[in-house]
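K.L.:
First the structure, then my questions, so here it is.
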Amino acid sequence: MTDAVTTPATPSGGRQAGFGFIFALALMNAVSFGIMIPILPQLVRELAGGDTAAASEWTVVFAVTWGIMQFFCGPLLGMLSDRIGRRPVLLLSLFGLAADFLFMAFAPTLWWLLLGRILNGATAASFSTASAYLADVTPPERRAKVFGWMGSAFSFGFIMGPTIGGFLGQGDLRVPFLAAAGLTAVNWLYGLFVLPESLPPEKRATRFDWRRANPLGSLRLLGSRLGLLPLAGVGFLFQFAHTVLPTVFVLYTTYRYGWDSRTLGLTFLLTGVLGVIVSMFLVGPTVARIGERRMLLLGLAAGAFGFAWYGWADVGWVYLLAAPVFALTGFIMPGLQGLMTRRVQPHEQGQLQGANQSLMGIGSIMGPALFGEAFAWALRGGHPPGLPIYLASGLLAAALFLAFAAARASAPAPQPAE
């Protein structure tokens, strides 16, 4: 019994060119995101009057707002990419991201930062559309490996981005956001003049179906293929748990370990290098040796253990000892995407990624609300500051148990193309 859904292969030359273009786009996008990682929490704390707990609560507001916009707009953008192609949606997403960085650079109050988050949440589809792009140009048996390479682009970005952000932000916290806006604008121009379209007209959806372009409609796709819905549940739990890092990491490590911007930058460098090693050099051999299912399970187990260690570590160097194990979470998304994209037709890849993005939006609503409030409650009540990270570990443990059943389900033959 096989997981594969046979899809017509794109000519080899086009496939290689398409991946090179999308890899470069993802790399530049990840660098622009990485630039703000060590800086945004400090800017929020500055605008909140130096109150760390209040900054944590405002971070929750930003993340929940972004998640709500993703929940409603992600399926629409996914369906739109199935109908008109991936390239226009990527360009729209990059434009929204550049505008958000400009809001961060010039915002005089926290409310202006919130407005930027609303705009970005409404247009953010770069990662999900890039995944649909890769599914367009890659045969099913190679997708997990290619998704792993895509993960290395993000890791490269998160190596360079935080280092650049920490350096530029030493004198003025606003300068890194101007740099990120400029880099994103270059990325947009790259997409406008260089990036080819991956979805030919004959493989596109024949019409834009509003019934599928809303959150509930898009989620119906997940229930229409055997094994797809529980796999989506695994992805949701992973995204839910993973929001603990952007929500509390900087505030947590500066509070518990006294890390400064330089130490944070070196930590991002270490984790980024480990991520590159896993994504570029371990995903391919691992999926070839043990398959997508077991690789997914291994990544989830490593994540649950790594989070538990992070929450337990009472000094910084002990925290860092778990980084090599936690880096194996780089197995999760390549294995999961490889399993899920096999189960749908080419004209449904955008809808699949839109449904996943809608679930990610829900996780972005629930995760920061849970983790941010748990961190603030722990600080104000004298409880262990690692509480939110323990909660994330528990979510990945639940995802691991669900994956045991979900990853065994075989894929039925796909429905005829529209």
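The values are calculated or read from the model by the stated rules, or taken from the named source; none is laboratory data. Since the structure is predicted, the reported quantities are computational estimates derived from the model, not experimental observations. Glycine also receives a Cβ, built like all others from the backbone with ideal geometry; neighbour counts cover every protein chain displayed. For the accessible areas, the whole protein counts, side chains as well, though only heavy atoms, and no ligand, DNA or RNA atoms are used. Shrake-Rupley method; radii C 1.70, N 1.55, O 1.52, S 1.80 Å.
K.L.:
Starting from the Cα of Ile277, step 7 Å toward the Cβ, then list every residue of segment 283-321 with an amide N under 15 Å from that point.
P.N.:
283, 320-321, by backbone N distance to the label point.
K.L.:
Most fluctuating residue of Phe281, Phe236, Phe371 in a GNM of the chain with Cα springs under 10 Å: which is it?
P.N.:
Phe281
K.L.:
With unit charges on the beta carbon (Lys/Arg positive, Asp/Glu negative), name the residue among Pro368, Ala288, Phe401 whose Cα is farthest towards the positive pole of the charge dipole of segment 269-418.
P.N.:
Among Pro368, Ala288, Phe401, the one farthest towards the positive end of the dipole of segment 269-418 is Ala288.
K.L.:
Now a separate question. In debye, nearest 20, what is the charge dipole magnitude of the chain about its Cα centre with +1 on Lys and Arg Cβ and -1 on Asp and Glu Cβ, if you could check?
P.N.:
Numbers: 26 positive and 18 negative charges, 187 e Å.
For the chain, the charge dipole is close to 900 debye.
K.L.:
Same structure, new question: I'd like the distance between the alpha-carbon centres of segment 48-110 and segment 375-398, rounded to an integer number of Å.
P.N.:
Between the Cα centres of segment 48-110 and segment 375-398 lies a distance of 26 Å.
K.L.:
Cut-off 10 angstrom, C-alpha nodes, Gaussian network model of the chain. Which of Thr286, Thr243, Thr59 fluctuates the most?
P.N.:
Thr286
K.L.:
Summarise the accessible area of segment 31-162 (1.4 Å probe, protein heavy atoms) by the percent that is carbon and sulfur.
P.N.:
Working: 3080 of 4150 Å².
Exposed carbon and sulfur together represent 74 percent of the surface.
K.L.:
Pick from Pro324, Pro200, Pro162 the residue whose mean-square fluctuation is largest in a GNM of the chain, springs joining Cα atoms under 10 Å.
P.N.:
Largest GNM mean-square fluctuation: Pro200.
K.L.:
Per residue, how much accessible area does the chain show when a 1.4 Å probe rolls over the protein heavy atoms, in square angstrom?
P.N.:
Working: 16290 Å² over 418 residues.
So the chain comes to 39 Å² accessible per residue, rounded to a whole number.
K.L.:
Taking K and R as +1 and D and E as -1, what net charge do the other residues with C-beta under 11 Å from the C-beta of Phe62 add up to?
P.N.:
Working: positive: Arg117; negative: Glu57, Asp100.
Spelling it out: positives minus negatives among the neighbours equals -1.
K.L.:
Quick one: dipole size for segment 76-232, taken about the Cα centre, charges +1 on Lys/Arg Cβ and -1 on Asp/Glu Cβ, in debye to the nearest 20. Spell out each step's value before the answer.
P.N.:
On the way: 15 positive and 8 negative charges, 109 e Å.
I would put it at about 520 debye.
K.L.:
Continuing with the same structure: If you add up the charges near Glu197, with Lys and Arg at +1 and Asp and Glu at -1, over every other residue whose beta carbon is less than 12 angstrom from its beta carbon, what do you get?
P.N.:
Details: positive: Arg86, Arg87, Lys203, Arg204; negative: Asp136.
Counting the neighbours of Glu197, the net charge comes to +3.
K.L.:
Work through the residues other than Gly284 whose Cβ is under 15 Å from its Cβ and net out their charges, Lys, Arg +1 and Asp, Glu -1.
P.N.:
Details: positive: Arg142, Arg143, Lys145, Arg289, Arg294; negative: Glu141, Glu292.
Its environment carries a net charge of +3.
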